[in-house]
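Trainee: Mind looking over this structure? Questions follow.
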Amino acid sequence: MDIAGVAAIVTGGASGLGAAAAAALAQAGAKVAIFDLDHAVAATTAARIGAMALACDVTDTQSVQEALAAAAARHGVARIVVNCAGIAPAARLLGKSGPHDLAMFSKVVTVNLIGTFNVLRLAAEAMSALDPMADGERGVIVNTASVAAFDGQVGQTAYAASKAGIAGLTLPAARDLARHGIRVMTIAPGLFRTPMLMGLPEPVQASLGASVPFPARLGDPAEFANLALHICQNRMLNGEVIRLDGALRMAPQ
């Protein structure tokens, strides 16, 4: 897909991996809309890269529909969607205060997995009405899982389960949408310099980076964004989960 002039949406695009993806798409000439629960931060990011910002709760159907409609009114229906919205609270299955809180588990799965699916299904519906381009392609949806989907650590039962769900829906979603010319891909990043990790003490960051076989450092969000761009541009990439982790396999803790 030629990205220049194409409408694109990035959920969770106010900061971290989402912000990097939004910036890369905008630099490549896409008309970018950032969907984020934190509209103030999203607006700042959007102003910096020449995008538009829309308040959106990915778990709420009406909120997503309204954001999609507002983005389409300005940019046209999106042919590119990058789903980065997510949360990552940690809790052991059995802790000092008892079993894992069920409401927390439900919230993580709702935001990460159901939120991703909600945007995927509604964005795909709009994409399916677009005119086909080369090879009959109408659009591409790039979801974000995590290496925790495969190597979940202590305290990550909810997060790992939610990200494993995203990995698991990738192939059947791609198969479902193939007849509409819509591709579905997932990136599973390892340890990246996101706001969550950057809030840790410097020695901890260095230790985490050193655990990566090569390159022995934390990933740069721009590297995530570069992969997302390549996925958009390469039509043979479909129905697959790509680990972006420097050969990292997470230890139990």
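Trainee: Check R48, R74, R92, R79 and return the single one that is modelled with pLDDT under 95 and among the basic types (K, R). Full working, then the answer.
Mentor: Working: R48 fails: modelled with pLDDT under 95; R74 fails: modelled with pLDDT under 95; R79 fails: modelled with pLDDT under 95.
Matching residue, one of R48, R74, R92, R79: R92.
Trainee: Need the failing condition index for L248 against (1) farther than 21 Å from V82 by Cβ; (2) surrounded by fewer than 18 Cβ atoms within 10 Å (Cβ to Cβ), just the number.
Mentor: Going through the list (1) farther than 21 Å from V82 by Cβ; (2) surrounded by fewer than 18 Cβ atoms within 10 Å (Cβ to Cβ), L248 breaks only (2).
Trainee: While we're looking at this one, here's another question. Which one of the conditions (1) touching a strand residue (DSSP E or B) at 6+ places or on another chain (Cβ under 9 Å); (2) closer than 21 Å to R79 by Cβ; (3) in contact (Cβ under 8 Å) with a residue 24 or more places away in the chain does N118 fail to meet, given that it meets all the rest?
Mentor: (1)
Trainee: Right, here's the next one. Can you tell me which residue is surrounded by the fewest Cβ atoms within 10 Å (Cβ to Cβ) among those in the stretch 87-108 that are assigned to a helix (DSSP H, G or I) and of a type outside the set (A, V, I, L, M, F, W, C)?
Mentor: Among those that are assigned to a helix (DSSP H, G or I) and of a type outside the set (A, V, I, L, M, F, W, C), it is S106.
Trainee: Would you point out which residue out of G50, G86 is under 28 Å from V241 (Cα atoms) and in contact (Cβ under 8 Å) with a residue 12 or more places away in the chain?
Mentor: Just a single option satisfies the conditions, and that option is G86.
Trainee: Now for a separate question. Taking N226 as the residue in question, decide whether it is under 15 Å from the mean Cα position of the chain (by Cα) and surrounded by fewer than 19 Cβ atoms within 10 Å (Cβ to Cβ).
Mentor: yes
Trainee: Just the residues that are surrounded by fewer than 19 Cβ atoms within 10 Å (Cβ to Cβ) and touching a residue at least 60 places away in the same chain (Cβ under 8 Å), please, taken from the stretch 193-204.
Mentor: P195, M196
Trainee: Considering only residues that are in contact (Cβ under 8 Å) with a residue 24 or more places away in the chain and either under 19 Å from A85 (Cα atoms) or under 14 Å from the mean Cα position of the chain (by Cα) (or both), which ones fall in the stretch 158-175?
Mentor: Of everything in the stretch 158-175, those that are in contact (Cβ under 8 Å) with a residue 24 or more places away in the chain and either under 19 Å from A85 (Cα atoms) or under 14 Å from the mean Cα position of the chain (by Cα) (or both) turn out to be A158, Y159, A161, S162, K163, G165, I166, A167, L169, T170, A173.
Trainee: Of the conditions (1) over 27 Å from P252 (Cα atoms); (2) in contact (Cβ under 8 Å) with a residue 40 or more places away in the chain; (3) outside any loop (DSSP other than H, G, I, E, B), E66 fails just one. Which one is it?
Mentor: Going through the list (1) over 27 Å from P252 (Cα atoms); (2) in contact (Cβ under 8 Å) with a residue 40 or more places away in the chain; (3) outside any loop (DSSP other than H, G, I, E, B), E66 breaks only (2).
Trainee: Got a sec? Which of G190, G155 is touching a residue at least 12 places away in the same chain (Cβ under 8 Å), buried (at least 17 other Cβ atoms within 10 Å of the Cβ) and not aliphatic (A, V, I, L, M)? Even if it seems obvious, please write down each step before you answer.
Mentor: Numbers: G155 fails: buried (at least 17 other Cβ atoms within 10 Å of the Cβ).
The unique qualifying residue is G190.
Trainee: So for the stretch 49-58 (the condition being in contact with a Pro (Cβ under 7 Å, 6 or more places away or on another chain) and within 30 Å of V154 (Cα to Cα)), does at least one residue qualify? Walk me through how you get there before you give the answer.
Mentor: Step one: of the stretch 49-58, the residues in contact with a Pro (Cβ under 7 Å, 6 or more places away or on another chain) are none.
Checking the stretch 49-58: not a single residue is in contact with a Pro (Cβ under 7 Å, 6 or more places away or on another chain) and within 30 Å of V154 (Cα to Cα).
The values are calculated or read from the model by the stated rules, or taken from the named source; none is laboratory data. Just so it is clear, the model here is predicted, and its values are computed rather than measured. For neighbour counting, all protein chains shown are included, and Cβ atoms are generated from backbone atoms with ideal geometry for every residue, glycine included.
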